[in-house]
Amino acid sequence: MSAAEDLGYQEKTHELKWVGKNVTRTDGVDKVTGRAQFGADLIMPGMLFGAVLRSPHAHAKINGIDTSKAEALKGVKAVICRDDFADQPSEMIQVGELSVNIRDVIRNVMAREKAMYDGHAIAAVAATTAAIARKALKLIEVDYEVLPHVIDVEEAMKPDAPLLNEDMFTDGVDPKPDKPSNIAKRLEIKLGDVEAGFADADVVIEREYRTRPVHQGYIEPHACVASYTEDGQGEVWASTPGHFLVRAITARLCGMDVSKVKATASEIGGGFGGKNIVYLEPLAMALSRKCGRPVKMAMHRNEVFRATGPTSGSHMKVKIGAKRDGKITAGWAELMFQAGAFPGSPVFPAAMCAYACYDLENVLVIGWDVIANRPKTTAYRAPGAQISAFAVESAMDELARELGIDPIDLRLMNAAKEGTKAAYGPTFGPVGQVESLEAIKNHPNYKIPLGPNQGRGVASGFWFNIGGETSVTMNVNDDGTIALTLGNPDLSGTRTSISVMAAEELGIEPDRIRPTIGDTTSLGFNFISAGSRTTFAVGKATVEASRVVIDEFRARAAATWDIPVEAVVWEDGHARPASSNAGDFEPLSLEDIAREAKKTGGPIAGHVETNVSGAGPSFATEAVDIEVDPETGHIKVLRFTAAQDAGKAIQPNFVEGQYQGAAVQGIGWALNEEYIYDDKGRLENPGFLDYRMPVASDLPMIDAVIVEVPNPNHPYGVRGIGETSIVPVMAAMANALEDATDVRINELPLSPPRVLKALNEKNGG
Amino acid sequence: MASDRVNWNGSDVITMRYEAPETMEAAVELLSSDEGARVLAGGTDLLVQLRAEMIEPSLVVDVKRIAAMREITKENDGIRVGAAVAGAELGEHEEFKATWPGVLEAFELIGSTQIQGRATMGGNLCNASPAADSVPAMIAAGATATILGPGGQRDVPVEDIAIGPGQTSLDKGELVTSFFFPKPAARTGDAYLRFIPRTEMDIAVVGAGICLTLDDSDICKAARVSLGAVAARALVVDEAADALIGTPVDEAALAKLAEAASAAAKPIDDKRGTKEFRIQVMGVMARRTAEIALARAKAN
Amino acid sequence: MRYLFRTLAELYPDLGPHLEQGIAVAIDDVIYSNAWLEPLEPDSEAYILPQIGGGKSAA
């Protein structure tokens, strides 16, 4: 019997005591009082401060690096550059379950032959103070040979574009190209026959779209401390969603055994996918190895912007065909994604998600992965899905206008549902697209009359969600409290939600359970906290661990009463005889059993190591009302309603917070966020002043609507909920803009200069 | 109070001196004594520039402990505001608030609540950003800056202090100590508006400060218009003022004002806005500012 | 499932390396990230797709 069947959804026959209620967040007090320890908070005796020298050029050959003057500076203890790391072959390695090309990882962590983007790490220094480290950076002499650069994805695809990698031949095209290019890969998602579908269509909408790279904008910059000791043992403390990933890459790049790197995750001040890779940890470890002292490294905000992953910018083409009555006959798209300096944009998931909201017979999505002289993209909240959704959901809105059908009705008519075969492969089980559309349609916000210059936009979104490797240990303390050790850093309250599920299983108060994020030596492997997996997958493993512990409680009670274990049931935190036939025994509480554990067989614990399957996809539909200032192009968001399928909300207020946060990030992406490069390819706005994320006063209260269509593959029906709500936002905003102004803009951001220009053009100005 | 920031080795000592004099004269003496001296008032620009390693002053003179520079005093023919008065302090001064709402709203647009506890008009002016919010409002109000230097004291119109991005007309050792706001004529109103893509915590893409005075029959008899962020420094635009003077500030006058403001704008394309956008929106903001100033004048 | 992988790799040698890493399998309506040991029923539909990493680290 597979774990999925074992731990499938069961309609609860009794009222749930904790699940679905809001309890106090385990880490809440520490976070609001400033006690929580983040990446840069650790201080060790003898600790040095590291700093990174970064390329001022977008593209340059590195002919030589002279570190001698920096090394001679008093207070400098170690200087490293490319020579301090062995090169890695081009090889996809499994870092956990993430496949990365280790040749690119080593080059991104520290430039080798070339600097590939403004901000690319060239060398690093450890010194007794941060000021000395920065001073030492200025003494490092780098002989650069500046090369022509390319920033924009469309430019990078041109045959005469500056070439970033002479050895890169486009993968996935037949015949194989005979010349290298910046195009890393072509891919295709195909279902049915789009040509036939378009031939069958009464109406075809065909448009082009462009989006800009945007940064995840986490508050906490990347930070770590690494310590390497004389016996070859290393330790690293890092702000990361996955310390097992930190361990794997640090060990590999530093040529160490995995067992010799112990990694501990600090609290993390946001990641949104942007920390699903490492930048500083191998540098800190290499510096520490060179001087034998612990080294702290923390990025400044401008380093975060210049050198860490945004998500892709894109150029997209979309074509949708439909019958007069609204039935879609074919969906086609071509997605060109800029990956940054190394291949690996989220174009694949973008292609897979593009039409996932709909039950279609004919789909063809072509994707291109393109490199350019910008930082290597990393994951960002439903990676790629938000980008292709901007295009597809904008086109869907135009289709609804063309057909004269309400945009929600058009989507309902074509909605994915149980039994729908998705273009990317699987057939959906029970899913909540119809329910999320109906939640918006029936929401009072959808009926509020609009005034002049105001408009309403709707869009839908999809994200897969994932499971993955998970290890959990539950130790029963002698006072009946529980030490729950998890291997997934908590970004959003997950350790509380997971404790709540354990409390529900065990029948005890949640505050009797203390959840801790264990280091890499205390648990089996854990995939990173990503893909909205944590509450789903770690929760599922924790439920399993709880049931292991409960079975042991039953066994101990059975031994105490001298009756068969089958005759003992666990109810409401107590072992009881299954029936009066089993005997007449006073129920034993969890505390009773824990107190006597040493007499009944020793410590009680449950541990589970598994690869969790059965993640439930999550659909969302959102509606936004905006008001446009016709004289400045400024967009004010009046109200925003996000309805997403959570399967089951373990902690409703956490779920609402995720929907709200996702909506806000999408609003920023839609309105003002963009990277501005000068003509030399240098980033001009590496800070929050001019990289304009929304501030609180830019936003209305986001109305979050929790839709619950239980995931059949989780004991409480949980789906991942952290990502989908960002997916529809940008299209919803563009759709609202057309509703307000009759101007359609197919390029992000919808910044005041762009909107005003379009309004001027409409008015013949 | 000299302290070595870092003593790297015998030959390479970086020293930054910090001094906090208690009189204006002592401050002037310190500023005159060191080529690399910088004034620290609120520090909301200076400390950011220091952290970003844009500047490496050898001497920082903190003027926040000079009591005379932190006072708001009523004089016979107007109000004097110390150059080191913080935004939050000025905002609590009832008379200033009632008299110069436009200057105050401009000053209070700078940064956040926390920044308002530190930021000063002296700093905002002498940082000499073309986008400084309080400057067009002060210029429209006809404010003068009082300057103390090694050669004594002088009064200069605010519009003559900043001469370009990061540059002022102050001589070596000179310090702006206070601003004088002349008592406005009856039926005068002022206002300041800026355009930013967000709603706060941003820097003006364009800004307009307007002060106008009406006669008994609601005809504008005097006006001053100053535009920010559309040239190397805040502009005084007489053509824009002339569009209002002699009119009831009606639609036609406002349209001419907008046109004059757009015509006077000589912005650049940069990360904060395009040239064409700034020119167009400059006119829009000037008109909206005049409408607020007009309403205030009518109420006075 | 493992048998299916082996057979596929024999029939289509180019697929081999792809099956070794970086893929997931949807069997009917459940996606498995490590599906070697999953049983396949005679009428099961198995669909091989790229492994999904994922962005937001969250609930």
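The values are calculated or read from the model by the stated rules, or taken from the named source; none is laboratory data. The structure displayed is predicted, hence computed values, not measured ones. Heads up, the Cβs are rebuilt from the backbone with ideal geometry, glycines too, and the neighbour counts pull from every protein chain shown.
Every residue in the range B:13-34 that is over 25 Å from the mean Cα position of the chain (by Cα) and part of a loop (DSSP other than H, G, I, E, B), please. Correct list: B:D34 only. Just to verify a result, which residue in the range A:464-493, among those that are assigned to a loop (DSSP other than H, G, I, E, B) and more than 14 Å from chain C (Cβ to nearest Cβ), is nearest to A:G432 (Cα to Cα)? It comes out as A:T481. In the condition set (1) among the polar types (S, T, N, Q); (2) within 12 Å of chain C (Cβ to nearest Cβ); (3) not in a loop (DSSP other than H, G, I, E, B), A:S532 is compliant with all but (3).
Looking only at the range B:241-283, residues that are closer than 30 Å to A:R692 by Cα and either free of Cβ contacts under 8 Å to residues at least 60 places away in the same chain or in a loop (DSSP other than H, G, I, E, B) (or both) come to 20 in all.
If the condition is being over 25 Å from A:G217 (Cβ atoms) and either part of a loop (DSSP other than H, G, I, E, B) or not β-branched (V, I, T) (or both), then the range A:264-287 contributes A:M285, A:A286, A:L287. Answer with yes or no whether A:I440 is surrounded by fewer than 21 Cβ atoms within 10 Å (Cβ to Cβ) and among the hydrophobic types (A, V, I, L, M, F, W, C). No.
The condition of being part of a strand (DSSP E or B), under 30 Å from A:E627 (Cβ atoms) and modelled with pLDDT of 95 or more holds for only one of B:A191, B:A145, B:A204, that being B:A191. The strands (runs of 3 or more DSSP E) located wholly in the range A:598-690 include none with 2 or more residues which are surrounded by fewer than 19 Cβ atoms within 10 Å (Cβ to Cβ), among the charged types (D, E, K, R) and within 19 Å of the chain's Cα centre (by Cα).
How many residues does the range C:8-28 contain that are at the interface with chain A (Cβ under 8 Å from one of its Cβ atoms), at pLDDT 75 or above and either surrounded by fewer than 18 Cβ atoms within 10 Å (Cβ to Cβ) or part of a loop (DSSP other than H, G, I, E, B) (or both)? Residues meeting the conditions: 1.
Per this entry, A:E435 is not counted among residues that are under 30 Å from A:I604 (Cα atoms) and modelled with pLDDT of 95 or more. The single residue among A:K296, A:K275, A:K290 that is basic (K, R) and out of contact with any strand residue (DSSP E or B) (no Cβ under 8 Å at 6 or more places or on another chain) turns out to be A:K275.
Filtered by the rule that a residue be closer than 16 Å to B:A83 by Cβ and surrounded by fewer than 19 Cβ atoms within 10 Å (Cβ to Cβ), the range B:143-167 gives B:T146, B:G149, B:Q153, B:R154, B:D155, B:V156, B:P157, B:D160. Test of understanding: among A:A40, A:A111, A:A36, A:A58, which residue is assigned to a loop (DSSP other than H, G, I, E, B) and in contact with a Gly (Cβ under 8 Å, 6 or more places away or on another chain)? The unique qualifying residue is A:A58. Taking the criterion of being among the aromatic types (F, W, Y) and within 14 Å of chain C (Cβ to nearest Cβ), the only residue of the range A:253-282 that qualifies is A:F272.
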